[in-house]
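The values are calculated or read from the model by the stated rules, or taken from the named source; none is laboratory data. Predicted, not measured: the structure shown is a model, and the values here were computed from it. Cβ placement follows ideal geometry from the backbone for every residue including glycine, while neighbour counts extend to all protein chains displayed. Quick note on the areas: whole protein, heavy atoms, side chains included, nothing else; ligands and nucleic acids left out. Shrake-Rupley method; radii C 1.70, N 1.55, O 1.52, S 1.80 Å.
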Amino acid sequence: MIELVSAERCITCDKCIKVCPTNVFDRGEDGIPGDSSHASTAPPTRSSAFTPRATTPPTTRPPRPEHVDRRAGDTRPLPGGPPARTPTRAVPDNAHMRISARADYAVRAALQLAASRDDAPLKAEAIADAQDIPHKFLESILNDMRRGGLVLSQRGGNGGYRLARPADSISIADVIRTVDGPLVSVRGVRPPELSYSGAAESLLPLWIALRSNVREILEGVSLAEVASAQLPDAVAALTNTPGAWVNP
């Protein structure tokens, strides 16, 4: 099939019609076949006779789903997905005293070893399952505790980990220092290494007092006391103060 885009009258014989863009000659108005030799000698002329190109109706696309920007706080549900959850207020990292996940996992693993009824070692998988700790993360923590002298490891089919000392001789502070460093630091610096001047000069004694209180609690509580749910009276009394369980 030849698609007719435009027709131009041959300027040589004025009878044949040149068909563009295929350079094929059709018959003229008097039925005389066009001569292809005219194509090389006749200059092109523009004609007002045009045959419209066949057009296809535009395809109708389905409407695009509405964009939902979660970063902008948009709570609308995603198209075809579950309902969006109500966003919670984000708390900055420096808005509270923080105990790292590594320290929390280490203390829980040590408590699981302290609560073991016999002297048989516990496998890392058993500790991870009992305390819901990522296994790979726990292996790294146990290695630090082994290098720090808190646990012993035993290889083989009956191998695993056990405490290197009695549970009543290992404090919570010992575990945290082994895997996470100093109990209290300011911008990664220990308080005695800081210096302030002017109106903030008295801030350093405040950080020292804070560290003293943290030490008093964490160094005064052993793994055995926590594992047996027998906290010292002084520590238990702090949990009964007004507002102790309330987040400001």
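The single condition among (1) closer than 23 Å to R117 by Cβ; (2) free of Cβ contacts under 8 Å to residues at least 60 places away in the same chain; (3) open to solvent by 40 Å² or more (accessible area, probe 1.4 Å); (4) of a type outside the set (S, T, Y) that V221 does not satisfy is (3). Checked against (1) more than 33 Å from the chain's Cα centre (by Cα); (2) at pLDDT 95 or above; (3) of a type outside the set (V, I, T), G157 passes all but a single condition, namely (2).
In the set (1) in contact with a strand residue (DSSP E or B) (Cβ under 7 Å, 6 or more places away or on another chain); (2) modelled with pLDDT of 95 or more, L194 fails one condition alone, (2). Just one of the listed residues (V214, V184, V179) is β-branched (V, I, T) and in a loop (DSSP other than H, G, I, E, B), and it is V184.
Taken as a whole, the range 161-184 holds no residue that is polar (S, T, N, Q), open to solvent by 50 Å² or more (accessible area, probe 1.4 Å) and more than 19 Å from R147 (Cα to Cα).
One line per residue, one yes/no per condition, for (1) in contact (Cβ under 8 Å) with a residue 40 or more places away in the chain; (2) within 22 Å of A236 (Cβ to Cβ):
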position: G159; (1), (2): no, no
position: A167; (1), (2): yes, yes
position: V179; (1), (2): yes, no
position: V189; (1), (2): no, no
position: P192; (1), (2): no, no
position: Y196; (1), (2): no, no
position: E201; (1), (2): no, no
position: W207; (1), (2): no, no
position: R215; (1), (2): yes, yes
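In the range 116-159, what residues are out of contact with any Gly (no Cβ under 9 Å at 6 or more places or on another chain), small (G, A, S) and either closer than 23 Å to D180 by Cα or open to solvent by 50 Å² or more (accessible area, probe 1.4 Å) (or both)? Across the range 116-159, the qualifying residues are A128, A130, S140, G148, G149, G156, G157.
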